[in-house]
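First comes the structure, then the notes that go with it.
Read the figures in this text as sums done on the coordinates, not as results from a lab. Worth saying up front: this structure is predicted, and the values here are computed from it rather than measured. Cβ coordinates were reconstructed from backbone atoms using ideal geometry, including for glycine residues, and neighbour counts include every protein chain displayed.
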Amino acid sequence: MTSDEVLVERTLSGDLSAFETLVERHRDVVYRVARRIVGDDEADDVAQDAFLRAFHRLSLFRGESPFRSWLLRIAHNAALNALTRRRVEPLEDADAGEPDELGAGVHRTPAEDLEVSERRRRLAVKLREIGPPHRTVLVLRDIEGLSYEEIAEVMETPVGTVKGRLHRARRELIEILRRNTYEWELPE
Amino acid sequence: MNDDRTPDEELTPAEERLLALLTLLRAETPRSDRALTDAVLRTARWQLVFLGVFRAVGGFATATVDTLAAIVGIRAGSRGK
């Protein structure tokens, strides 16, 4: 498989198909992170914006950190800009709406599937109630599974700051869930 | 998921429970589709064309200004003699 760095070089020399490969390779993670930060409605726009920003700044990519970190940093900034543009961030009502599609390949009764699906939907809504910097670090670490070092690259902050933010983010989400009437089974 | 949890990262029972809850979101992997790539490339191509035209116009304007400046400079020089 051609490395990201080689694809970047090819793109810079005018090969747009190399950039197409980069987009195809990273679009899912960029989309997921954008979706977790800005929500379903704007995730596509933010992801597109991030890739286009990356395309025009590709000559600034030095290869000092992995391309994915560099790209996620751009996506993170694009998502924060989208939140800033949005004067009042609309929050879905966690107690309304239909449950999501069920995950495939998991053997549960229909009732259990419904419960898991509903819990997941409510949790996604509650996640968007925490402040953007905390939300980002929680998404990158506890959902996307990035290392502390990679998150530090993405957020342009020291690793110690990432760890501190993650701790506060978890506390914030726990408090939000505790205030919620839904039973999250969180011990004191 | 990377598990580079350091020994000093002691989790409370509530945090452990939260991480268990978040596995629900981790298990759900929303995917983008090919349309995203197509939209990005379509816009990138259009922007490249636009930038090319913009640079050409800018280059022409710069060349015109340089030429005019040179002419004015030559004339000012010949008057000075």
(message) Would the stretch B:11-81 count as rounded, prolate or oblate if I go by the C-alpha gyration tensor, calling it rounded below 1.5 in a/c and otherwise prolate when a/b exceeds b/c, oblate otherwise?
(response) oblate
(message) Nearest 500 deg cm²/dmol is fine: what mean residue ellipticity at 222 nm does chain A get from its DSSP H runs of n ≥ 4 alone, each adding -39,500 (n - 2.57), divided by its residue count?
(response) -21500 deg cm²/dmol
(message) Explain nothing, just the number: dipole magnitude of the stretch A:3-90 about its Cα centre with +1 on each Lys and Arg Cβ and -1 on each Asp and Glu Cβ, in debye rounded to the nearest 20.
(response) 340 debye
(request) Kindly state, to the nearest 0.05, the FRET efficiency for A:VAL159 paired with B:LEU68, given R0 = 45 Å and r defined as their beta-carbon distance. (result) 0.20
(request) Can you list which of the GluC sites (Glu not before Pro) found in the stretch A:1-94 are DSSP loop residues with at most 16 other C-beta atoms within 10 Å? (result) A:GLU64, A:GLU92
